[in-house]
Amino acid sequence: MFHGKVVVITGAGSGIGRALGLELARRGARLALCDVNDDGLAETERLVRESIAGAQVYSRHLDVTDRSAFAAYAETVVAYYGVVHQIYNNAGIAGFGTIADAPWEVFERVIGVDLWGVINGTKLFLPYLIASGDGHVINVSSLYGLMAQGENGPYCAAKFGVRGFTETLRLELTKSGAPVKVTVVHPGGVKTNVANATLMLGEELGRPATDDDRRLLRLYNDKLLRMDPGEAANIILDAVDDGAPRVLVGNDAKLGDLLVRLFPKGYARAVVALERLFARL
């Protein structure tokens, strides 16, 4: 399924993106990596080359919100490899604040990366995936693309959007008969830098972290973000290998999905109760 395939991974400089790059290289794929974090991207490339003898890696700086830069990147990947088979639209950041209070800049930044980045990557690479005759679009949503979470409106809006966009794409490609599979990924608590990056975003936008923010950060890092990114990558790739239309990564994602399905009207009360419990902790 992966041997010899050219795969594009956005957000490859850390977390799930880095783990996907390493595991795909182990499975024989040829990598096209990109990230806005040059240091992280260089480290991923170094790890791949040191871990997998003969790994083929093409890496470039890319801000996924910059559509013209994304289009140019797509062209350079095709020029380098001659074909593209898969894209993993993985780049993402988290936000903060209630819908009433979160700054406009947070909505714009989070939706720009998490949703528009996915749309840009999908639309710009889709013609090449179709031309390959064996394409696959893999878009990373979240547990919070299945269920909402208070004080996380920008992120939930983006990740629900990824889910709707990806499922619509699957319907359209099925109808057209295009040779491209589509998978949406819903990770739960994977041990990445996403929680720390939320505080950094707040500081960039002039919202210094509060004591409550720091307590919540410790809760996420110590208790909620538990799965190793390598384990998450293997779950995702095994599902892609099977052609699965949707992947729930982790027991928390499976539980959240079940909760919403069983209690579509009342699950919000359960979420609020859990949030209050976390606050007491």
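The values are calculated or read from the model by the stated rules, or taken from the named source; none is laboratory data. Predicted, not measured: the structure shown is a model, and the values here were computed from it. Quick reminder, even Gly has a Cβ in these numbers, built from the backbone with ideal geometry, and neighbours come from all protein chains shown.
A few comments on the model shown:
- Hey, residue 230 surrounded by fewer than 18 Cβ atoms within 10 Å (Cβ to Cβ) and in a helix (DSSP H, G or I) or not: yes
- Residues of region 23-42 satisfying the condition of being outside any loop (DSSP other than H, G, I, E, B), more than 14 Å from residue 58 (Cα to Cα) and touching a residue at least 40 places away in the same chain (Cβ under 8 Å): 23
- Considering residues of region 68-91 that are in a loop (DSSP other than H, G, I, E, B) and not aliphatic (A, V, I, L, M) only, the residue farthest from residue 119 (Cα to Cα): 82
- Count of region 135-189 residues which are outside any helix (DSSP H, G or I) and in contact (Cβ under 8 Å) with a residue 60 or more places away in the chain: 17
- Only one entry in 106, 118, 113, 137 is touching a helix residue (DSSP H, G or I) at 6+ places or on another chain (Cβ under 6 Å) and more than 26 Å from residue 174 (Cβ to Cβ), namely 106.
- When the criteria are applied in full, residue 73 fails the requirement of being among the aromatic types (Phe, Trp, Tyr), more than 20 Å from the chain's Cα centre (by Cα) and modelled with pLDDT of 95 or more.
- Count - residues of region 100-120 that are of a type in the set (A, V, I, L, M) and free of Cβ contacts under 8 Å to residues at least 24 places away in the same chain: 1
- Hits in region 257-272 (condition: modelled with pLDDT of 90 or more and closer than 16 Å to residue 188 by Cβ): 257, 258, 259, 260, 261
- Only one entry of 106, 64 meets the criterion of being in a helix (DSSP H, G or I), in contact with a Gly (Cβ under 7 Å, 6 or more places away or on another chain) and not basic (Lys, Arg), and that entry is 106.
- Meets criteria (in a helix (DSSP H, G or I), under 30 Å from residue 149 (Cβ atoms), of a type in the set (Gly, Ala, Ser) and touching a Ser or Thr at 6+ places or on another chain (Cβ under 7 Å)) for residue 13: no
- Every pair of residues 6+ apart whose Cβ atoms lie under 6 Å, when the first sits in region 53-73 and is of a type in the set (A, V, I, L, M, F, W, C) while the second is at pLDDT 95 or above and outside any helix (DSSP H, G or I): 57/31; 62/34; 64/10; 64/91
- Flag for residue 46 being assigned to a strand (DSSP E or B) and surrounded by fewer than 18 Cβ atoms within 10 Å (Cβ to Cβ): no
- Evaluation of residue 96 against (1) within 30 Å of residue 148 (Cβ to Cβ); (2) modelled with pLDDT of 95 or more; (3) crowded, with 22+ Cβ neighbours inside 10 Å (one fails), failing number: (2)
- Condition check for residue 240: outside any helix (DSSP H, G or I), out of contact with any Gly (no Cβ under 7 Å at 6 or more places or on another chain) and either at pLDDT below 60 or buried (at least 18 other Cβ atoms within 10 Å of the Cβ) (or both): no
- Between 99, 111, the distinction of being among the hydrophobic types (A, V, I, L, M, F, W, C) and within 17 Å of the chain's Cα centre (by Cα) belongs to 111 only.
- Residue in region 137-159 that is of a type in the set (Gly, Ala, Ser), farther than 24 Å from residue 17 by Cβ and surrounded by fewer than 19 Cβ atoms within 10 Å (Cβ to Cβ) present: yes
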